[in-house]
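One structure below.
The values are calculated or read from the model by the stated rules, or taken from the named source; none is laboratory data. The model shown is predicted, which means the values in this text are computed figures rather than measured ones. In this analysis, Cβ positions are derived from the backbone assuming ideal geometry, glycine residues included, and neighbour counts consider all displayed protein chains. Calculation scope for accessible area: heavy atoms of the full protein, side chains included, ligands and nucleic acids excluded. Shrake-Rupley method; radii C 1.70, N 1.55, O 1.52, S 1.80 Å.
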Amino acid sequence: MTTLAVLIISLSPTVTPSTFLTALNYSDMKPLITARVVQWIVTPDHLLSHNWDFTLILTPNTTLPSSILALTSHIFTIRLLESSDFLSTFPSANTLLLTPTIPPPLLSSQHPLSA
């Protein structure tokens, strides 16, 4: 088993998402996943006191550099145990999900889509 860190990040009021992502790209740290927080599926009452901007999933022994910490106002961290082979299979599985092999439907007036 390996321990991953899931971080929910609230940016400082003067920091834009673009600034944060640029700083993240220039840092030595490479998260497994970087995602915007859009909405909650289950509302966690104890986390609603902040506006959360990003979720990062970090590999074991990865910490946020001070240049990234300086851009944040709040960080909530969850430690997650994952199988050891997760890290070796994640890149290919993620690429497969992001680039599906099924072509999109052809749209034409001769063959309209129907529900």
Would you mind telling me the share, in percent, of accessible area of the chain contributed by carbon and sulfur at probe 1.4 angstrom?
61 percent
Mean-position separation - Cα centroids, the range 17-48 and the range 76-108, in angstrom
17 Å
Please report, in debye to the nearest 20, how large the charge dipole of the chain is about its Cα centre when each Lys and Arg carries +1 at its beta carbon and each Asp and Glu carries -1 there.
120 debye
Along the charge dipole of the chain, Cβ charges K/R +1 and D/E -1, which of T63, S10, T89 sits furthest on the positive end?
S10
For the chain, the Cα gyration tensor yields equivalent-ellipsoid semi-axes (√(5λ), largest first, whole Å) of 31, 21, 16
Along Cα→Cβ, 7 Å out, is where each label goes; now give me the distance between the ones at S83 and T34 in nm to one decimal.
2.9 nm
Apply the Karplus curve 6.51 cos²θ - 1.76 cosθ + 1.60, θ = phi - 60°, to the phi angles in the range 4-13 and return the couplings in whole Hz, x for Gly and Pro.
9, 10, 9, 10, 10, 10, 10, 6, 4, x
